[in-house]
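Here's the structure we're looking at; comments come further down.
The values are calculated or read from the model by the stated rules, or taken from the named source; none is laboratory data. Everything numeric in this text was worked out from a predicted model, so none of it was measured. Every residue, glycine as well, gets a Cβ built from its backbone with ideal geometry; the counts of neighbours run over all protein chains shown.
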Amino acid sequence: MNSIQKLRYHIKDLLYNPTHTEWLFPVLFILDAMLCMLVIKNVPYTEIDWSSYMQQVRQYIAGERDYEFIKGDTGPLVYPGLHVYVYRVLFELTDEGKDVRRAQWIFMGVYLAGLGLAGDVYRRAKVPPWVLPLLVLSKRLHSIFLLRMFNDCFAVLFLFAAINLYQRRQWTTGTLLFSCALGVKMSVLLMLPTLGLVLLMAMGRERLMTQLMLIGQMQLLFGYQFLSTDARSYFTRAFDLSRVFMYKWTVNWRFVPESTFLSRPFAIGLLAAHLTVLAVFAFVRWIRPSGRSLFDFLQASWAMPAGPHDQQKIYRRLSPEFIATSLMTANAVGMLFARSLHYQFYSWTAWCTPLLLWKSGMHPVLGYMVWSAQEWAWNVYPSTNMSSAIVVASLGVQIGGVWWGTRKEFEGVDAYDTPTGEGVKRQPRGEPKVLDVTHEHTE
């Protein structure tokens with residue numbers, strides 16, 4: 001092997017060998033922490049929702065518990081109860097919201113904690129090093145956390161903590177963190193159908209029901225003070241699935257005429273498309289670890305719980321890679337068919353997009369091009385027909401790419417197979433390789 005061949009070998013190894021994540025991500029993390037400090041010190045804070053959050057908290061402190069009457073400059077309170085408690089703490093830590101700089105340092109901590117969790121999610125999924133820089137390069141994401149301080153930041157933090165715990169097979173603790181994410185913002189519901197299927201395969205029917213009841217009980221706990229005052233106003237505000245956003249603020253469907261955007265047929269069409277794509281993934285991709293069709297698996301699960309041997313085989317096929325990919329794909333599907341996305345919603349996809357681009361199997365150069373197009377589109381303000389079309393197209397490329405890239409995973413697995421083929425890891429030239437699924441902690 002001559003010197004050029006050795007150089008090419010080492011470059012390829014650096015780009016594709018997941019073991020390099022162990023040192024590369026900490027380096028990126030430190031560099032990003034330094035960047036965050038520079039942003040806070042040199043880029044002016046942008047007032048959007050922070051003062052409104054503080055106004056709403058002030059009303060809560062004054063004794064108001066009816067969501068119908070808790071309002072701020074940007075509108076009524078429309079987030080679940082944990083949002084109020086989180087910003088109640090921030091209210092105290094920032095001199096009633098007046099010390100914006102201190103709030104920015106706190107949100108820097110939230111950002112870095114979320115980044116650290118995302119990095120560990122990627123490490124456990126054995127994502128190759130070429131993907132990792134995409135976790136720290138987003139201008140829009142830094143803006144959302146450090147300059148705008150939206151509540152999405154806490155929801156994303158709790159969500160990635162939950163995904164990380166699910167990868168570790170700490171199911172109940174993961175569900176507690178998932179419930180916290182949902183308690184801050186209802187957008188987390190986008191992942192719930194897929195999470196339910198993953199938990200059913202991992203735990204069986206009875207424990208799935210326990211997990212779902214836990215989610216429900218946590219939401220009742222977060223909303224108790226408000227529910228005891230006026231349950232209707234709480235649910236209609238905090239979990240309003242029929243909310244219509246203003247056309248001028250939409251990031252994703254700007255290229256659609258306003259009359260169409262506001263029409264009921266358009267909303268129904270998006271919902272139908274959303275449910276259809278979720279169903280197709282569930283029937284053809286996400287059910288594969290069970291070795292059965294979705295109908296057969298659900299029927300068997302409800303009629304008679306799987307025996308310990310069969311359950312263990314399914315359980316071992318639920319690799320960290322599969323768990324992360326399934327949940328992130330469900331999130332992307334939900335965002336693709338959302339009636340309106342606002343700029344802060346980019347935080348929901350920024351740390352998911354790199355993994356989905358990798359799972360598509362596309363060349364790294366093409367992956368960086370798709371990521372760059374998406375990043376550009378989310379930084380165009382106000383949105384244009386072109387930028388919104390790219391937002392939609394980039395999400396479509398990610399979803400279609402994952403569909404294509406996972407077509408051979410679990411190929412040939414049935415309910416009675418030994419647990420091999422738990423997820424096909426993509427090598428530099430596409431050679432399939434069986435992942436090792438370690439026995440991790442189980443709750």
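The residues of segment 305-363 that are of a type in the set (A, V, I, L, M), assigned to a helix (DSSP H, G or I) and at pLDDT below 95 amount to a single one, 314. The lone criterion from (1) modelled with pLDDT under 95; (2) touching a Leu at 6+ places or on another chain (Cβ under 7 Å); (3) surrounded by fewer than 18 Cβ atoms within 10 Å (Cβ to Cβ); (4) under 30 Å from residue 10 (Cβ atoms) left unmet by residue 22 is number (2). Selection of first residues in segment 61-86 that are among the aromatic types (Phe, Trp, Tyr) and of second residues that are assigned to a loop (DSSP other than H, G, I, E, B), restricted to Cβ pairs under 7 Å at least 6 apart or on distinct chains, gives the following pairs, ordered by first then second residue: 67/77; 79/151; 79/185.
Evaluation of residue 254 against the conditions (1) in contact with a Phe, Trp or Tyr (Cβ under 7 Å, 6 or more places away or on another chain); (2) within 22 Å of residue 389 (Cβ to Cβ); (3) basic (Lys, Arg) shows that the sole unmet condition is (1).
Kindly evaluate residue 282 against the criterion of being surrounded by fewer than 14 Cβ atoms within 10 Å (Cβ to Cβ) and either modelled with pLDDT under 95 or not aromatic (Phe, Trp, Tyr) (or both). Taking the combined requirement at face value, the residue does not satisfy it.
Mind checking which residues of segment 68-83 are among the hydroxyl-bearing types (Ser, Thr, Tyr) and more than 15 Å from residue 243 (Cα to Cα)? It would help to see each step written out before you state the result.
Step one: list which residues in segment 68-83 are among the hydroxyl-bearing types (Ser, Thr, Tyr), which gives 74, 79.
Listed by number, the list holds a single entry, 74.
Residues of segment 237-261 that are touching a residue at least 12 places away in the same chain (Cβ under 8 Å) and outside any loop (DSSP other than H, G, I, E, B): 237, 238, 247, 248, 249, 261. Among residues of segment 226-235 being touching a residue at least 24 places away in the same chain (Cβ under 8 Å) and not polar (S, T, N, Q), the one that is nearest to residue 61 (Cα to Cα) is 226. The residue list 223, 204, 216 contains one member that is closer than 23 Å to residue 156 by Cβ and touching a residue at least 12 places away in the same chain (Cβ under 8 Å), which is 223.
Surrounded by fewer than 21 Cβ atoms within 10 Å (Cβ to Cβ), of a type outside the set (Asp, Glu), at pLDDT below 95 and closer than 22 Å to residue 331 by Cβ, is that true of residue 212? Judged against the criteria, residue 212 is not a match.
Note on segment 1-22: residues that are of a type in the set (Phe, Trp, Tyr) and either within 34 Å of the chain's Cα centre (by Cα) or on the phi > 0 side of the Ramachandran plot (or both) amount to 1. When the helices (runs of 4 or more DSSP H) confined to segment 93-171 are screened for residues that are touching a residue at least 24 places away in the same chain (Cβ under 8 Å) and more than 16 Å from the chain's Cα centre (by Cα), those reaching at least 2 such residues are found at 100-124, 139-142. For segment 60-79, the set of residues classified as surrounded by fewer than 17 Cβ atoms within 10 Å (Cβ to Cβ), in contact with a Lys or Arg (Cβ under 8 Å, 6 or more places away or on another chain) and either closer than 30 Å to residue 120 by Cα or not β-branched (Val, Ile, Thr) (or both) consists of 68, 76, listed by residue number.
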